Structure formats: C-alpha cells, structure tokens
1. Could you tell me whether Asp300 is without any contact (Cβ under 8 Å) to a residue 12 or more places away in the chain, charged (D, E, K, R) and loosely packed, with under 15 Cβ neighbours inside 10 Å?
2. When you scan the range 321-362 for strands (runs of 3 or more DSSP E) that lie fully inside it, which ones turn up with 2 or more residues that are surrounded by 13 or more Cβ atoms within 10 Å (Cβ to Cβ) and polar (S, T, N, Q)?
3. Quick one: in the range 400-412, which of the residues that are in a loop (DSSP other than H, G, I, E, B) and of a type outside the set (Gly, Ala, Ser) is surrounded by the most Cβ atoms within 10 Å (Cβ to Cβ)?
4. Can you tell me which residues in the range 177-207 are under 18 Å from Tyr136 (Cα atoms) and surrounded by fewer than 19 Cβ atoms within 10 Å (Cβ to Cβ)?
5. Say we look at the range 220-264 and pick out the residues that are in a strand (DSSP E or B) and within 17 Å of the chain's Cα centre (by Cα); which of these is surrounded by the most Cβ atoms within 10 Å (Cβ to Cβ)?
6. If Tyr165 passes every condition in (1) more than 14 Å from Ile244 (Cβ to Cβ); (2) surrounded by fewer than 17 Cβ atoms within 10 Å (Cβ to Cβ); (3) of a type in the set (Ser, Thr, Tyr) but one, which one does it miss?
7. If you take the residues of the range 369-399 that are in a loop (DSSP other than H, G, I, E, B) and at pLDDT 90 or above, which of them is surrounded by the fewest Cβ atoms within 10 Å (Cβ to Cβ)?
Amino acid sequence: MDALQVDINVSETIMVADDVQALPVIQINVNEHIGVTDAINADALRVDINVAEAIGVSESVLALPVIDINVNEQIGVTDNVNTEALSVNINIDELISVADTVDMLPSVMINISELINVNDIMEVIPVVINVSGAGYNYPEPGYRASLSLDINSQSMETGWINYYYTKLRLNLESTLIIGMSVNGNTVTVTGEASVNGVVGYTFEVTIIDGNPDLLGIIIYNPDGSIYFDSIPTALNSGDFVIDIGITTQFNLMTYINPSFSGSIIPDCSNTCSYDSGTLVTLTANKNTGYEFSGWTGCDDPSAGSICTMTMDADKDLTANFTTCLFPIRVDGIPPVYYPTIQQAVTAAEPGETVQVQAGTFIENIDVNNDVLMILKGGYGCNFSTVIGTTTLRGNITINLGTVVIEDFEISE
C-alpha cells in the first residue's frame, strides 16, 4: 500500500504472517497482543506501535527513519532490531529482553521502569557531529543577525561561535562549547559566552538544515533569565554545513603470560575501546624473578618492551615473560647460582663479582672475607646486560675485606 497513513485498530489480536509495507506512516494499536512472524518493512516517515500487553517479534523490524514502541508489559526480540532510523524510542513498563543483537544509528532512547536483559550484544555506534559555516537573517525587519561557527563534537573545546545582532549591537563570542545534539535535520549547540565583552552568559543555538537553513538563538543572563531570544528564522544569505558521521571503534584485550609475571600499561585486561586508526602505545613491565621475552599479537613482532598498535580491528596482545631460576650468581668459570645475596658473598673468591638481577631484595648482608669483592646489581635474567637497578632493603656490614658496590640502591 502506498497510503500516506495506515491505521490498524484491533481489540484482541493481530497476526501478521509475512510483510507489512507502507508509506509513509504506520500506526498499529492493539489492546491485547501483536505477533509478527516475519517482518515489518517500511520506508515510512514514522512507525508507531502501541500495545497494551505484549509485542513479540520473531525475526526483524526494519524501518526508516523513526520507530516508536510503547509497551505496557513486555517486548521480546529474539533476533535483530536493525534500524537506520534517526531515532529509536522504546518505552516499556516492565521488561525488555534482547536475545541477540541491537544495532542502531545514530540515536537510541530506551526508557524502562524495571529491567533490561541483554543476552548477547547491544551496540550503539558513536555519532560524530560537525557543524560549520556562516550566514545571516533578519529576526526583525531591517535588523540583521549574523552567525559563524565551527564545531566538532569530538573536540568541542576547540569549537567556537560568533553572533552579532545589529538592533541591540549585541556581540556574543563563545568561551566554551558545552554540548551538541542532533534530532533529524536539527542541530542544537549549547555553551558559555561573553556578551559585549562581559562573561558569564550561556546560550543555545539552533540550526535547521534546509533550503534555506534556519537559525535561532537563546541567550541567558548569568542569573539564568533570558537576555535575548530569536526563534529559528530562514537565512537570507549563507549556509551551514552539518555532517553526521559514524566513528567505528575497536576493542583491545591484553594478557600476561604466565599470570602474575608482569604487567602492561595501559591495562586492557578488561577491554579498552579505541576509535579506528588510533595509535596505542603499550609498555610491558616485569615482576621480580621474571624477564620480558616478547609480545604475541604486536603489530611489530620484534618490538622490545614497548609495543605500538594501530587500532584497525579488534586485537589481542600478550606480554610474555620467562622465569629467572636464580636471581644471584658469582661470575666464576663456570658461574655458580645462589638464592640469596648473603650466600653468594660468602662463597665469592678474591676478585670475583657477585651479580644480582634488577629488582628488590630484602635481607641483611655481612661481609667477613678478607678479599676484594665486586657487588654489582641491575642485571637482566640472563646476566648479559645491566637493565636497571637492584634495590636492597637491609644493611651491608663489612667486617673484613673490601667491597665495590655498583648499580645498587640501599634502604632500610
């Protein structure tokens, strides 16, 4: 049916076995139950469904550009509600259960008095709004009002608005853009501003995309009262460009192998979400007794402890660590490994070096050998290079001999 409006009023039950296709308005009012087994497909300007008890949709509801669903008891959606609607309004007194997926663009409003259960996924894709341009109109005959602006919803702190009205010699300059919203072809911008050089004012600008565009503004005094109000009026010249885009986001999950062997900064073990194309830098940090051995899933497999990821898909990243069997050794031929610094110091021969891995050790050390000894800290797991500093929480008492100490921090 190509009707301008379709009204269906049923006192008990309506069963729709296949399709309802209509332009441009569909209204369905049911006192008890509506069951839709296949689909409601509409290029309608609006789809209104008012149900006193329940709506059951077994497959899908596809509609453009507005869907209103008002239900007193329950809505059960077993498969998908996919909509390119400008707005989806769902008002429910008791329960909404979504078994699979709800994908919506670009505005979703769900009002529920009791409970929402989502078994799988509810995904709302962020909306990017950019409005820019300049134009003027005549709120009153003979008096011109001019406005110019450039604002992006993802970087509102850098956005700006200038407005001038000749009748009042009113010059408004924004000092802070607070919010942006879109409803159909209408964008509303709110913020703080100075008026004729005096700060403390707030404003609400309304721009309606059309041919021509419409411009309106309300300016509030610092006490909240209205200072100036101009309803949306068609431009006499100029144009405002409204761009509504979709920001795709991807998820990053980080893992530690083995568990508790180290950490990753930032910690995305509970998932981090990033806009598409974002460069994320992650750093692996080892715990005492472990050595970082490499990444799994890094964009650059040969990266050191710092990995840079380009978020162009959902990604998993694992920091791998190896266990250091013994953190201390005496560098002889062959080297001998010890579990404590004291045991290594006691066993060291003249001229030998006691090597200690980077990390924190808690013990007191007594030197009783009448020899020259080198105590050197900060080594990595394989003792080939110095990678940091060893912290000793305790005292070193030298009773006999001489000790040269390098790359150690000693604190009680």
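The values are calculated or read from the model by the stated rules, or taken from the named source; none is laboratory data. Note that this is a predicted model, so its numbers are computed, not measured. Don't worry about glycine lacking a Cβ; one is built from the backbone with ideal geometry, like all the others, and counts go over all protein chains shown.
1. Here the answer is yes, as Asp300 does meet what is asked.
2. 353-357
3. Top of the filtered list is Asp407.
4. Those that are under 18 Å from Tyr136 (Cα atoms) and surrounded by fewer than 19 Cβ atoms within 10 Å (Cβ to Cβ): Thr186, Thr188, Glu204, Thr206.
5. Filtering the range 220-264 for residues in a strand (DSSP E or B) gives 220, 226-234, 237-246, 249-257, 262-264.
Now narrow it down to the ones that are within 17 Å of the chain's Cα centre (by Cα): 245-246, 249-254.
Details: Gly245: 14, Ile246: 12, Gln249: 15, Phe250: 18, Asn251: 14, Leu252: 21, Met253: 15, Thr254: 24.
Among them, the one singled out is Thr254.
6. Status for Tyr165: all satisfied but (2).
7. Asn399
Listed here are the residues, each with its yes/no results for (1) closer than 30 Å to Pro139 by Cα; (2) at pLDDT 95 or above.
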position	(1), (2)
Gly210	yes, no
Ile217	yes, yes
Tyr227	yes, yes
Asp243	yes, no
Ile246	no, no
Phe260	no, no
Asn285	no, no
Tyr290	no, no
